[in-house]
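Below is one structure, written out as structure tokens; the observations come after it.
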Amino acid sequence: MGIIVQKFGGTSVATPEGREHLVQKVTKAAENASVVVVVSAMGRCPAPYATDTLLGLVPCEGSADARELDAIAACGEIISAVVVTVALRKAGLNAESLTGAQAGIITDDCHGQARILHIDTKRLKNNIEAGKISVVAGFQGVNSKGDVTTLGRGGSDTTAAALGAALGADLVEIYTDVQGVMSADPSIVPEARWQDRMTYTEVIEMANLGAKVVHLQAVEIAMHSRIPLAIRSTFSDEPGTLITDLAGAGAPFAPPKPVTAVATTAGRAQVVVPAHDLGVFSAMAQAGVSVDMINVFPDRAAFIVAMQDLPVVKRVLDELGHEAKIVEGCAKVSIVGEGMRGIPGIMAKLAEALARAGVDILQTSDSHYSISCLVPENELETAARALHAQFGLGGM
Ligand code: ASP
Ligand code: MG
């Protein structure tokens, strides 16, 4: 019998109704596979056991340090694991709650952003053999000193992927309150559609370009282990989005589309420094400013920064004595698709769509899997919708 890891997010475990759906999903999966469940903390702040509520109990100034913050943050998932275990038992399933440490998740010492180093799967495997469902508290592990660590916000997805990889699972399912991954942010592109298939690379690229989908590390782990990752709704029976590599990682082959999604990031500013001086980049780095869309020419260098970094950026440029040109109120719009690599004409189609829509392109950058344009922020919606339509992402 194969193994399936099912992860349920905060909204899925928060209410009796959500947990009822959860019990149905687990019961169904357990008919044909050994199931390991991973849970997030219940609900969002101000729900009593949500991660932010728990963190709010210990003001950061003063005596609370990263170790104590991890110890309290991890409680949310532990509470959730017990509540879910009891619900599963009530439904007649054999289940046991486990903290991250009990599940054998060993991490480094980096509190708040710990990396999983190793998973000792003995206990999980024993449970599988005994026909028992382990309900693992997500988002946490234990370091070599025995101290509780957490994996960074949204880290329960990573717990699920890492357990899937360690157990050689056939599938990792991320259950959430939405039906899967969309072709664009629907608040910007109303025509956005649910995606039935995407590749790991596309989802990673989308996340890097501003779309919040799944915890990045979870996708990286699934990709590395070639385990299909499904994003599904706890509250419906829709198939959701199946994330695999281009070849399908065991799923039926789907020919790659050159462009599968449009990603957007608002709140950027463009900086153009006249005579190019690479010292500007070290100065930005020293000031802790992350730069993006970097173009260097013999006579000038251009890059973009987040609008909230602008005061620091201006100070650094002043100190350097640079007469920089700064264009505030910009946004980045990108097309993403693993199938675009080496296909001629994608940039031409993009340029044509934006020209037709009357959108000015201020700057561009690209990778093998994406092309990004900097546009005036007040034209972001027009640009995103034009690209979405141009590449046929809104359907027939
Ligand atoms: N509860 C944690 C958070 O809010 C982890 C997670 O939900 O994945 O970040
Ligand atoms: Mg999440």
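The values are calculated or read from the model by the stated rules, or taken from the named source; none is laboratory data. From a predicted model like this one, the values you see are computed outputs, not experimental measurements. Positions of Cβ are generated from backbone atoms using ideal geometry, with glycine treated the same way; all protein chains shown enter the neighbour counts. Accessible surface is based on the protein model in full, side chains and every heavy atom, while ligands, DNA and RNA are left aside. Shrake-Rupley method; radii C 1.70, N 1.55, O 1.52, S 1.80 Å.
When you check ALA87 against the structure, is it within 16 Å of ligand 1 (Cβ to nearest atom), open to solvent by less than 50 Å² (accessible area, probe 1.4 Å) and more than 16 Å from ILE174 (Cβ to Cβ), yes or no?
Spelling it out, it is not the case that ALA87 is within 16 Å of ligand 1 (Cβ to nearest atom), open to solvent by less than 50 Å² (accessible area, probe 1.4 Å) and more than 16 Å from ILE174 (Cβ to Cβ).
Could you count how many residues in segment 138-154 are among the aromatic types (Phe, Trp, Tyr) and either more than 21 Å from VAL26 (Cα to Cα) or part of a strand (DSSP E or B) (or both)?
0
Restricting to strands (runs of 3 or more DSSP E) lying wholly in segment 298-396: which have 3 or more residues that are free of Cβ contacts under 8 Å to residues at least 60 places away in the same chain and surrounded by fewer than 19 Cβ atoms within 10 Å (Cβ to Cβ)?
The qualifying strands (runs of 3 or more DSSP E) are 325-336.
With respect to ASP157, is the statement that it is part of a loop (DSSP other than H, G, I, E, B), touching a residue at least 40 places away in the same chain (Cβ under 8 Å) and either surrounded by fewer than 21 Cβ atoms within 10 Å (Cβ to Cβ) or at negative phi (or both) true?
For ASP157, the condition - part of a loop (DSSP other than H, G, I, E, B), touching a residue at least 40 places away in the same chain (Cβ under 8 Å) and either surrounded by fewer than 21 Cβ atoms within 10 Å (Cβ to Cβ) or at negative phi (or both) - is not met.
If you check LEU151, LEU124, which single one turns out to be among the aliphatic types (A, V, I, L, M), touching a helix residue (DSSP H, G or I) at 6+ places or on another chain (Cβ under 6 Å) and open to solvent by less than 30 Å² (accessible area, probe 1.4 Å)?
LEU151
Given the condition open to solvent by 20 Å² or more (accessible area, probe 1.4 Å), under 26 Å from ASP109 (Cβ atoms) and basic (Lys, Arg), answer yes or no: does some residue in segment 40-58 qualify?
No; the residues of segment 40-58 include none that is open to solvent by 20 Å² or more (accessible area, probe 1.4 Å), under 26 Å from ASP109 (Cβ atoms) and basic (Lys, Arg).
So which residues in segment 7-37 are within 11 Å of ligand 2 (Cβ to nearest atom) and not in a helix (DSSP H, G or I), if there are any at all?
Correct list: LYS7, PHE8, GLY9.
Can you tell me which condition HIS118 does not meet? The list is (1) open to solvent by 30 Å² or more (accessible area, probe 1.4 Å); (2) of a type outside the set (Asp, Glu); (3) touching a helix residue (DSSP H, G or I) at 6+ places or on another chain (Cβ under 6 Å), and all the others hold.
(3)
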